[in-house]
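Engineer: Sharing a structure below in structure tokens format, with a few things to ask.
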Amino acid sequence: MLSENKKEQFKMVLTRRLDELSGKNNLLIENIHKVESGYADPFDWAAFNCQRDIHLRMRERECILINEIIDALEKIQDGTYGICEECQEAISEKRLRASPITTLCIDCKTRQEEREKKRKRYSLI
């Protein structure tokens with residue numbers, strides 16, 4: 001189980017990362033809305049659309065990460081941070097340092113990945 005001091009340290013790390021991502025997301029939104037109309041060259045228009053699509057995918061991934069950080073901060077608040085959602089055992093501090101948003105201990109995460117591999121293997125048949 002994590003001490004209150006350790007939880008506070010993780011809270012600071014998560015809050016800092018949330019602030020960084022929120023700022024980046026605002027920049028991405030601004031860049032997406034900077035549309036120059038009337039591209040004379042179809043290649044320029046295609047390049048613009050490609051860049052816009054990349055920005056949208058980046059924003060989508062960052063929004064998912066923002067939600068995971070918010071969930072982790074809520075778990076710190078309600079006292080369930082650092083507890084595996086599957087087996088209810090403590091997640092190691094080393095694992096939390098590597099991935100502060102993790103919700104599974106290493107054993108449960110390994111089992112989850114093995115199930116996913118099997119599912120992919122069977123879906124290819």
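Engineer: Which of the residues that make up segment 62-102 are in a loop (DSSP other than H, G, I, E, B), under 18 Å from Leu21 (Cβ atoms) and either in the same structural domain as Gln9 (by TED's automatic domain parsing) or touching a residue at least 12 places away in the same chain (Cβ under 8 Å) (or both)? It would help to see each step written out before you state the result.
Structural biologist: Pass one, segment 62-102, residues in a loop (DSSP other than H, G, I, E, B): 79-82, 84-89, 91-92, 99-102.
The next check asks that each one be under 18 Å from Leu21 (Cβ atoms); those that pass are 99-102.
Pro100, Ile101, listed by residue number.
Engineer: Based on what the data block shows, is Lys11 assigned to a helix (DSSP H, G or I) and at pLDDT below 80? So that I can check it myself, show each step before the final result.
Structural biologist: Values: assigned to a helix (DSSP H, G or I): yes; at pLDDT below 80: no.
Against the criterion (assigned to a helix (DSSP H, G or I) and at pLDDT below 80), Lys11 does not qualify.
Engineer: Would you check if there is a residue in segment 104-119 being outside the structural domain of Asn5 (by TED's automatic domain parsing) and closer than 22 Å to Glu4 by Cα?
Structural biologist: The first filter runs over segment 104-119 and keeps only residues outside the structural domain of Asn5 (by TED's automatic domain parsing), leaving 104-119.
Subset that is closer than 22 Å to Glu4 by Cα: 104-105.
Yes, segment 104-119 contains a residue that is outside the structural domain of Asn5 (by TED's automatic domain parsing) and closer than 22 Å to Glu4 by Cα.
The values are calculated or read from the model by the stated rules, or taken from the named source; none is laboratory data. Values in this document were obtained by computation on a predicted structure and should not be read as measured data. Here Cβ is always computed from backbone atoms with ideal geometry, including for glycine, and neighbour counts include all displayed protein chains.
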